[in-house]
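Engineer: Handing you a structure now.
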C-alpha cells in the first residue's frame, strides 16, 4: 500500500469518527460513534498489516543472504550492537533478582529501534519488525509448519519460528511482574501455549510472558541468534551469542570472547533490548 493511500484512508476514517463525535456531543446519543470508531481501528490494523513486509525483497528472514553478519558473532555483531547501545543512550534494564543457586546476571543494555533498523542486517531487521508488528495488531507470527506446530517442535532451526517456552531459567532477562495480559497479546499467548512446550523437566503449565523465536542475521548460523518478545510490554530482546555472556578486551580494536550462560562467567549480558517505541 502506498504511503499516500494509507494516509488518505486513515484520514477519511478519522474524519468520520470526528464528525460522529461532534454530533453526539450535541445529541448526547453516543451510539453513533461505535461504527466509525470500529472502522478506524480496522483501518489502522489494515495499514499496520500492509507494513509487515517491504517491497524490495526485504521481507526475507534468510540467514544465507550475503548481507548477514559474519558467522563468528564476536567479530562483527557484538561490536556493532555495542556501538548502537552507545549511540542510543538508554538506561540498562535489570536482570531478574539473583538467588543462591543463580547469582544476579549482568544488566541488559538498550538500543533504540530508530537506530537499530538502519544498522542491522536486513533479514534481522525484518524479523524484529514483523514480530513486533504482529504483536501490536493481535496477530501471530510463527513460521513453523503445521506438522511442527502439532508436534510442538522445541528447537526449530528456521528463522521466525517459535521455540519452546522461554522461562527465563538463568534469570538473564527482567523478572516478569505478573501484569495482566494485554488484549493484543492473547492470540500469541494462546498459540504459544497450545503449540509449544516447556524446555525442561520442571513444573510449568504455560508461558510466562516471553516468546522466543529462532533468529537470523548471522551468515549460515541458525544457532547463535535468538529473539525474545516480552509480549506483556512489547520489548524485544536479542542475543547473538546463544545466551552466552561475553568479555571485551581493552584493546584499541576490542577482542570479544564468549563465555557461558552462568552469572559471573562474563562481564556483559548475552542480551540487548530494543525499545521499539524509540
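Engineer: Being crowded, with 17+ Cβ neighbours inside 10 Å, at pLDDT 95 or above and in contact with a helix residue (DSSP H, G or I) (Cβ under 6 Å, 6 or more places away or on another chain): is that true of residue 231 here?
Structural biologist: yes
Results for (1) in a helix (DSSP H, G or I); (2) on the phi > 0 side of the Ramachandran plot; (3) outside the structural domain of residue 113 (by TED's automatic domain parsing), shown as yes or no for each residue.
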| position | (1), (2), (3) |
| --- | --- |
| 157 | no, no, no |
| 164 | no, no, no |
| 168 | no, yes, no |
| 172 | no, no, no |
| 178 | no, yes, no |
| 186 | yes, no, no |
| 213 | no, no, no |
| 242 | no, yes, no |
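Engineer: Here is a follow-up. If you check 220, 190, 250, which single one turns out to be touching a residue at least 40 places away in the same chain (Cβ under 8 Å) and either over 18 Å from residue 151 (Cα atoms) or within 19 Å of the chain's Cα centre (by Cα) (or both)?
Structural biologist: Being touching a residue at least 40 places away in the same chain (Cβ under 8 Å) and either over 18 Å from residue 151 (Cα atoms) or within 19 Å of the chain's Cα centre (by Cα) (or both) holds for just one of 220, 190, 250, which is 220.
Engineer: Oh, and also: Tell me the helices (runs of 4 or more DSSP H) entirely within the stretch 3-101 that contain at least 1 residues that are at pLDDT below 85, under 26 Å from residue 160 (Cβ atoms) and in contact with a helix residue (DSSP H, G or I) (Cβ under 8 Å, 6 or more places away or on another chain).
Structural biologist: Hits in the stretch 3-101: 3-27, 34-50.
Engineer: Testing residue 118 on (1) surrounded by 22 or more Cβ atoms within 10 Å (Cβ to Cβ); (2) in a helix (DSSP H, G or I); (3) over 11 Å from the mean Cα position of the chain (by Cα), one condition comes back false. Which one is that?
Structural biologist: Single failed check for residue 118: (1).
Engineer: Of (1) farther than 16 Å from residue 224 by Cα; (2) touching a residue at least 40 places away in the same chain (Cβ under 8 Å), residue 77 satisfies all except one. Which?
Structural biologist: (1)
Per-residue answers, yes or no, for (1) within 24 Å of residue 270 (Cα to Cα); (2) surrounded by 14 or more Cβ atoms within 10 Å (Cβ to Cβ); (3) modelled with pLDDT under 95:
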position: 162; (1), (2), (3): yes, yes, no
position: 168; (1), (2), (3): yes, yes, yes
position: 171; (1), (2), (3): yes, yes, yes
position: 176; (1), (2), (3): yes, yes, yes
position: 182; (1), (2), (3): no, yes, yes
position: 188; (1), (2), (3): no, yes, no
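Engineer: Determine if the stretch 128-146 includes at least one residue that is exposed (fewer than 15 other Cβ atoms within 10 Å of the Cβ), farther than 30 Å from residue 46 by Cβ and out of contact with any helix residue (DSSP H, G or I) (no Cβ under 9 Å at 6 or more places or on another chain).
Structural biologist: No: zero hits.
The values are calculated or read from the model by the stated rules, or taken from the named source; none is laboratory data. This one's a predicted model, so the numbers in the text were calculated from it and none came from an experiment. Heads up, the Cβs are rebuilt from the backbone with ideal geometry, glycines too, and the neighbour counts pull from every protein chain shown.
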